[in-house]
Amino acid sequence: MLYQIYHHTHYSYHQPVFLKPHRLRLSPRSDGWQSSRQVALQVFPQPQGIAEVTDLDGNHIQRIWFVEPTETLEITVTSQVLTQMDNPFNFLLEPWALTLPFDYPLSLYRQLKPYWYPYSTVPDPTVITLAQDIALATQHQPLDFLYTLTQRLYQECDYTLREHGKPWEAGITWRNKQGSCRDLTILFMEVCRTMGLATRFVSGYQEGDQATEDWELHAWAEVYLPGGGWRGYDPTHGLAVSDRHIALVASPNPQDCAPVTGEMMPVRSLRETGNPLKSTMSTTVKVTTFTPTQQQGSGWQSQSQ
């Protein structure tokens, strides 16, 4: 599938501020399953500099910094992405990875350590029970386990929109039987990690209903399956991820997938103004699917400014 993504973020500050360096994670990744053809980045006010950076997880991010004070920050990214994962099950597991938990080779075990650390400070007994129940019901078969987990979260948990805030801990989401896409993703990841499956958090977009005028940034999980590599699962939609998802970044920690991170400080101190710094944020996202005819003439000039 060929998509055009429009993502506009607007910050407004109620007094002049100095912007500290910001990180942007809004460029679609390129790998064997999707290719980012063109990306146009526009930032206001004009940054003093933009650095293209590859982080520890191989994500493409931009680091921007400013000099002059401002009362607004606007970031617009328009990208064109080709997705090619039409069959998410086209792989063979390694012979030693046919039953959970896996007996990892030492070298792979060391590489995957960061993807096993729990999100919650203390493991939640209800999450452990859920993992054990599904493992027993699926006879510890890894692909059946992942399918059943995805379906249970999709069928038993209600989706709720939460525009801001960190993901809930997995136990809270499971007990409430509801959550946002990032909450359900963390729940999915925690259940998998309980069974020794390495997982990472993915931020991106999902095709959704093309008739809608209201898109949001989406989240799902990727599981490392020996023989298949990283494979996506979306508990919000009850799907194995294919060519209808567009990934931006992935990380074992959800905070490292935030689309924009950075700090600011008021030009005048609280003692001088008597008013604490306040800000508002709004986003506009649109995902457009190209038809085969449109794909033949869909190019534009990439630019950064």
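The values are calculated or read from the model by the stated rules, or taken from the named source; none is laboratory data. Computed from a predicted structure; not experimentally measured. All Cβ positions, glycine included, derive from the backbone under ideal geometry; neighbour counts span all protein chains shown. To get the accessible areas, we keep the full protein, side chains included, count just its heavy atoms, and leave off ligands, DNA and RNA. Shrake-Rupley method; radii C 1.70, N 1.55, O 1.52, S 1.80 Å.
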Quiz item: If you check D86 against the conditions, is it charged (D, E, K, R), farther than 30 Å from V17 by Cβ and in a helix (DSSP H, G or I)?
Solution: no
Self-check item: Breaking point among (1) over 12 Å from the mean Cα position of the chain (by Cα); (2) crowded, with 18+ Cβ neighbours inside 10 Å, for L217
Solution: (1)
Practice problem: Looking only at the stretch 215-241, count how many residues are modelled with pLDDT of 95 or more and not in a strand (DSSP E or B). | Solution: 8
Quiz item: If you go through the stretch 81-100 one residue at a time, how many are open to solvent by 90 Å² or more (accessible area, probe 1.4 Å) and touching a residue at least 40 places away in the same chain (Cβ under 8 Å)?
Solution: 4
Exercise. Please enumerate the residues belonging to the stretch 165-182 that are touching a residue at least 60 places away in the same chain (Cβ under 8 Å) and either surrounded by fewer than 19 Cβ atoms within 10 Å (Cβ to Cβ) or part of a strand (DSSP E or B) (or both).
Key: K166
Quiz item: Of the conditions (1) over 23 Å from P114 (Cα atoms); (2) surrounded by fewer than 17 Cβ atoms within 10 Å (Cβ to Cβ), H245 fails just one. Which one is it?
Solution: (2)
Practice problem: Given the conditions (1) over 27 Å from Q4 (Cβ atoms); (2) surrounded by fewer than 16 Cβ atoms within 10 Å (Cβ to Cβ); (3) modelled with pLDDT of 85 or more, report the number of the one that P252 does not fulfil. | Solution: (2)
Quiz item: What are the residue pairs meeting all of these: first residue in the stretch 235-264, first residue farther than 20 Å from T54 by Cβ and in contact (Cβ under 8 Å) with a residue 24 or more places away in the chain, second residue surrounded by fewer than 22 Cβ atoms within 10 Å (Cβ to Cβ) and of a type in the set (K, R), Cβ atoms under 6 Å, and 6 or more apart or on different chains?
Solution: E263/K20
Quiz item: Would you say T194 is open to solvent by 50 Å² or more (accessible area, probe 1.4 Å) and either of a type in the set (G, A, S) or in contact with a Pro (Cβ under 8 Å, 6 or more places away or on another chain) (or both)?
Solution: yes
Self-check item: Unmet criterion (only one of (1) touching a residue at least 60 places away in the same chain (Cβ under 8 Å); (2) over 30 Å from M281 (Cβ atoms)) for T78
Solution: (2)
Self-check item: Hey, T283 open to solvent by less than 30 Å² (accessible area, probe 1.4 Å), among the β-branched types (V, I, T) and either modelled with pLDDT of 95 or more or touching a strand residue (DSSP E or B) at 6+ places or on another chain (Cβ under 9 Å) (or both) or not
Solution: no
Quiz item: In the stretch 112-155, which residues are among the charged types (D, E, K, R), part of a helix (DSSP H, G or I) and surrounded by 14 or more Cβ atoms within 10 Å (Cβ to Cβ)?
Solution: D144, R152
